[in-house]
Structure formats: structure tokens, C-alpha cells
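Down below is the structure, laid out as C-alpha cells.
The values are calculated or read from the model by the stated rules, or taken from the named source; none is laboratory data. The shown structure was predicted, so the numbers you read here are calculated from the model rather than taken from an experiment. All Cβ positions, even for glycine, are placed from backbone atoms using ideal geometry, and neighbour counts span all protein chains on display. These accessible areas exclude ligands, DNA and RNA; they are computed on the full protein's heavy atoms, side chains included. Shrake-Rupley method; radii C 1.70, N 1.55, O 1.52, S 1.80 Å.
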Amino acid sequence: MKWLLPLLVLCLPLTSQAHPADVTPLKVKVEKNKLEFRFTLNLFMLGKMVKLDTDEDLRLTASELEAAKPELTLFLRDHLLLRLNEKTAKLGGIAQLEPLWPSAESVDVREVERAVDVTFILPWPEIIANVWMEFTGFPQWGELATIQATYEQGDLRMQVPFSQTEPDYLYDTGFGAEEIFQTPPAKSAPTTPMWAVYAFETFIFIVLLKAFFSFFLKPTKG
């Protein structure tokens, strides 16, 4: 009993930590008028969102993965709440779905280290000043699940973990401040209308003509 109690104490923290399979990396590429979301979903997490092994042979084929695309799109659209510049936004369709394993006819659906990159692209008609995200799928993903988001903006990298206890975050891009403090372009000098140029030239011609006649046609004393 003397050695059993310390062993239990050492093991308790390990039970509260998330398994690597519960961690989902997400890269959010931030541009002035566009966001790119790339989820790296392992088969364990993917299987909690959609039914993958439709024929229940414990093998995942390319056709089964492709067939799961519509359901996966709806799940992520419904469970990722977005606001850009305080305005509600929604993910569109999947721009790319790429299996991260060597080309093969099928893989074992139980291999949790296998993963798929799922990319969404969201264009926006305004300069993106801030991005608010909230994930609502944690009850389905499990209480130990986390989304490890990395915001990529130029050379800047910022990591933000999302979890059941901290499901949302507001990211400020700084693009709005850039627009405010941007130096206004220099104003060009106003262009003189052509009619004014012609009028001035005509006036000078008349003045010179009058001076000419006044000088040469001046009456002589006789």
C-alpha cells in the first residue's frame, strides 16, 4: 500500500489529458478579403462527425471518403459559428479534401494516425478587421477534444486552443487600423479647362491687336 498510493497519484493527471487523437489542428490563413480554413482531421475525429465505413468492412476507400463530403460539409458549417466584422458568415463548400496517406485502395478505418486535410475558402467583400469563431461540436467530439487553431497572417503566427470550456475566440487582424492610418494620396493640381485657355488667348490677341492699331494708325497733326 505504501507504493500503491504514490503510483495512483502519478497516474491521475494522465487520465485528464487529451489523447493525441482528440486534438484537431486547424490553420486559419488571414488575408484582407479572404480566409482559408484547413482542418487536419484524423479518422477518429472524422468518424465522430460522419459515417465513414458504410459497408462496415473496417476499410475506408476513396469512394467512401468522397461520399462523406456533403455530410462533413454540413457538419462543419453547422458547428463552426463565424462573425466577420460583427456580421454573420458561413463556410461554403469544401475547396479541397486531401487524404494524408500514400496512394492505396483503402486504409484501416481504425488507424487513428491517418488524417485528412479539409480546406474551406471564405472570400469577404470588405476589409476583414476581426474574426470571431465558436465551435459547438464538442458534445459530439467528446469532453477531451480540442481544436488547436493557428492563425497565419503574413509572417505572424498565433496559436489559440478551442475546447468545451473555451469554445470561442475573437481575433483582431489589425487591417482596419491600417486603413485608418494610411497616408492619403496627394491631390493633383486642378486642370484648367480648355475653353478657359482659348478665352485667355483670344483676350491677349485682342489686346495686342488694339495696341497695334493704336500705335500705327494714330492720327498725325497736320
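Could you list which residues have their amide H under 5 Å from that of residue 149, counting only those 5 or more apart in sequence or on another chain, with H placed in the peptide plane?
Amide H to amide H, under 5 Å and 5 or more residues apart or across chains, residue 149 pairs with 26, 160, 162.
In terms of solvent-accessible area of protein heavy atoms at a 1.4 angstrom probe, what is the ranking of 168, 155, highest value first? Don't skip to the answer; put the middle values down first.
Details: 168 75, 155 155 Å².
Result, largest first: 155, 168.
By what distance, in whole Å, do the Cα atoms of the range 13-96 stretch along each of the three principal axes, largest value first?
46, 40, 19
May I ask you to evaluate 6.51 cos²θ - 1.76 cosθ + 1.60, the Karplus curve with θ = phi - 60°, for each residue of the range 90-96 and list the ³J(HN,Hα) values in order in whole Hz, giving x for glycine and proline?
Values per residue, Gly and Pro as x: 9, 5, x, x, 5, 7, 7 Hz.
What order, most packed first, do the peptides 102-108, 142-148, 90-96 have when packing is the mean number of other Cβ atoms within 10 Å of each residue? Walk me through the numbers on the way to the answer.
Details: 102-108: 10.6, 142-148: 17.4, 90-96: 13.3.
Going by the mean number of other Cβ atoms within 10 Å, highest first, we get 142-148, 90-96, 102-108.
Plugging the Kirkwood radius over Cα pairs into Stokes-Einstein for the range 47-187, at a temperature of 25 °C and a viscosity of 0.890 mPa s, what D comes out in µm²/s? Numbers along the way, then the final one.
Values: Rh = 17.7 Å.
Answer, rounded: 138 µm²/s.
Do the alpha carbons of any pairs in 27/69; 29/90; 32/87 sit beyond 18 Å of each other, and which pairs? Intermediate values should be presented prior to the final figure.
On the way: 27/69 20 Å; 29/90 16 Å; 32/87 16 Å.
From the list (27/69; 29/90; 32/87), the Cα-Cα distance tops 18 Å for 27/69.
Please report, to one decimal in angstroms, the Kirkwood hydrodynamic radius of the range 104-161 built from all distinct Cα-Cα pairs. Present the calculation step by step, with values, prior to reporting the outcome.
Working: mean 1/r = 0.0653 Å⁻¹.
Evaluated over the range 104-161, this radius sits at 15.3 Å.
Please report the carbon-and-sulfur percent of the accessible area for the range 23-181; probe 1.4 Å, protein heavy atoms only, DNA, RNA and ligands left out.
Working: 4310 of 8320 Å².
Using a 1.4 Å probe with all protein chains present, the range 23-181 comes out at 52 percent carbon and sulfur.
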